[in-house]
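The values are calculated or read from the model by the stated rules, or taken from the named source; none is laboratory data. What you see is a predicted model; the values in this text were computed from it and never measured. Here the Cβ positions follow ideal geometry from the backbone for every residue, glycine too, while neighbour counts run over all protein chains shown.
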Amino acid sequence: MAGRREAREAALQALFAIDVGRRDPGEALTEAFETPSAHGHEQFVKQLVMGTLEHVQQSDDVIVPLLKDWTIERLPTIDRLILRMAVYELTAGGTPRAVAINEAVELAKKYSTADSGRFVNGVLSRVGQPHA
């Protein structure tokens, strides 16, 4: 059985297929469930994907004020999706803060640019903190 890190990868792949490939969420989830990384964690993958999609505006409302000299639209697609998924996971409860942030950073390092891990960590570490 795959772990939750692999399940998050499957969720990210489904979110990417929905966002970039304009896939139907149900189809993207069906494909995600076929990957070995989702086996045993289908409910968690579905919760991450559907929760992220349902809470895009709320997540963006959290993320946007934390972006320095960036707009959410200018972010690389993968970074934007990782941030939205992580903010959903942080606000939905059930996952310790440090775990949600670390998992998002690892996804960014694996699937995005060389600087994305540090960027994602910087943004997520300020979620819930007062900002100027």
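Exactly one of these conditions fails for residue 110: (1) among the charged types (D, E, K, R); (2) surrounded by 15 or more Cβ atoms within 10 Å (Cβ to Cβ); (3) under 14 Å from the mean Cα position of the chain (by Cα). Give me its number.
For residue 110, the failing item is (2).
Being surrounded by 14 or more Cβ atoms within 10 Å (Cβ to Cβ), modelled with pLDDT under 95 and of a type in the set (D, E, K, R) is the filter here; which residues of the stretch 24-53 pass it?
31, 42, listed by residue number.
Check residue 128 against each of (1) in a helix (DSSP H, G or I); (2) surrounded by fewer than 20 Cβ atoms within 10 Å (Cβ to Cβ) and name the one condition it does not meet.
Looking at each condition in turn, residue 128 falls short on (1).
Working only within the stretch 1-40, note down all residues that are over 18 Å from residue 75 (Cα atoms), in contact (Cβ under 8 Å) with a residue 40 or more places away in the chain and within 16 Å of the chain's Cα centre (by Cα).
Here is the first cut: in the stretch 1-40, the ones over 18 Å from residue 75 (Cα atoms) are 1-11, 14, 22-40.
Imposing the further condition that a residue be in contact (Cβ under 8 Å) with a residue 40 or more places away in the chain reduces the set to 1, 4-5, 7-9, 11.
Across the stretch 1-40, the qualifying residues are 4, 5, 7, 8, 9, 11.
Of all residues in the stretch 57-74, count the ones that are closer than 20 Å to residue 89 by Cα and either modelled with pLDDT of 95 or more or outside any loop (DSSP other than H, G, I, E, B) (or both). First the steps, then the outcome.
Of the stretch 57-74, the ones closer than 20 Å to residue 89 by Cα are 57-67, 72.
Then drop every residue that is not either modelled with pLDDT of 95 or more or outside any loop (DSSP other than H, G, I, E, B) (or both), which leaves 57-66, 72.
Selection size over the stretch 57-74: 11.
Which pairs do you get when a residue that is in the same structural domain as residue 69 (by TED's automatic domain parsing), found in the stretch 110-125, comes within reach of a residue that is surrounded by 13 or more Cβ atoms within 10 Å (Cβ to Cβ) and of a type in the set (Lys, Arg), reach meaning Cβ atoms under 6 angstrom, with the pair 6+ apart or on two chains?
So the pair list comes out as 117/109.
Filtering the stretch 55-79 down to residues that are of a type in the set (D, E, K, R) and in contact (Cβ under 8 Å) with a residue 24 or more places away in the chain, which residue is farthest from residue 17 (Cα to Cα)?
Step one: list which residues in the stretch 55-79 are of a type in the set (D, E, K, R), which gives 60-61, 68-69, 73-74, 79.
From the residues that got through so far, the ones that are in contact (Cβ under 8 Å) with a residue 24 or more places away in the chain too are 60, 79.
Details: 60: 19, 79: 14 Å.
In this case the residue turns out to be 60.
Hey, can you tell me all the residues within the stretch 54-94 that are among the polar types (S, T, N, Q) and crowded, with 17+ Cβ neighbours inside 10 Å?
From the stretch 54-94, those among the polar types (S, T, N, Q) are 57-59, 71, 77, 91; that's our starting set.
Selection gives 59 alone.
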